[in-house]
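Chemist: So that we are looking at the same thing, I have put the structure below in structure tokens.
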């Protein structure tokens, strides 16, 4: 048997592909990225103009292309920015520095595409922060 495993920060399996000794796929399941977004700030309240790092573990199974779409939103859910990332490693770090106070959201959509460019899996997660002086 051959395996591909991607583990979360906590060591839990988040994506697995199992093939038999002939290379036939037996099982494939999981999520595109670990929905527990890790942050260098341990509370949901952050200081204005302080850099914040959001770390994600991204599944990159064989014969698939991983894509992240990252949205920064304000308290009215207005999109402030959109970033598209094709990760080349399992760990993706998103750096943010908020210049205005208020409630901010980071929303992440993860997608996996097969070798024909067809979408095979989509997941999403987000995090809310209160930015203050």
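Coordinate-derived values only; no laboratory data. Bear in mind that the values here come from a model prediction, so they are computed numbers and not experimental data. When we count neighbours, we look across all protein chains shown, and the Cβ atoms used for this are built from the backbone with ideal geometry, even at glycine.
Chemist: What is the gain in length, in nm to one decimal, between residue 9 and residue 74 on full extension, counting 0.36 nm per residue of separation less the C-alpha to C-alpha distance?
Modeler: 20.6 nm
Chemist: Pull out the extension gain between residue 26 and residue 42, defined as 0.36 nm times the separation in residues minus the alpha carbon to alpha carbon distance; nm, one decimal.
Modeler: The residue 26-residue 42 span can extend by a further 1.8 nm.
Chemist: What FRET efficiency, computed as 1/(1 + (r/R0)^6) with R0 = 25 Å and r the Cβ-Cβ distance, is obtained for residue 90 and residue 119, rounded to the nearest 0.05?
Modeler: 0.75
Chemist: Could you check the spin-label model distance between residue 132 and residue 81? Points 7 Å from the Cα along Cα→Cβ, value in nm.
Modeler: It is 2.4 nm.
Chemist: Moving on to the next point. What translational diffusion coefficient, in µm²/s and rounded to a whole number, does the Stokes-Einstein relation yield for segment 34-132 at 20 °C and a viscosity of 1.002 mPa s, taking the hydrodynamic radius as the Kirkwood radius over Cα pairs?
Modeler: On the way: Rh = 14.3 Å.
D, rounded to a whole number, is 150 µm²/s.
Chemist: Rounded, prolate or oblate, given the Cα gyration tensor of segment 1-78, with a/c below 1.5 counting as rounded?
Modeler: Values: a/c = 3.87, a/b = 2.48, b/c = 1.56.
The shape class here is prolate.
Chemist: Hey, rough spin-label estimate for residue 63 and residue 49, points 7 angstrom out along Cα→Cβ, what's it come to in nanometres?
Modeler: Reported label-point gap for residue 63 and residue 49 is 5.3 nm.
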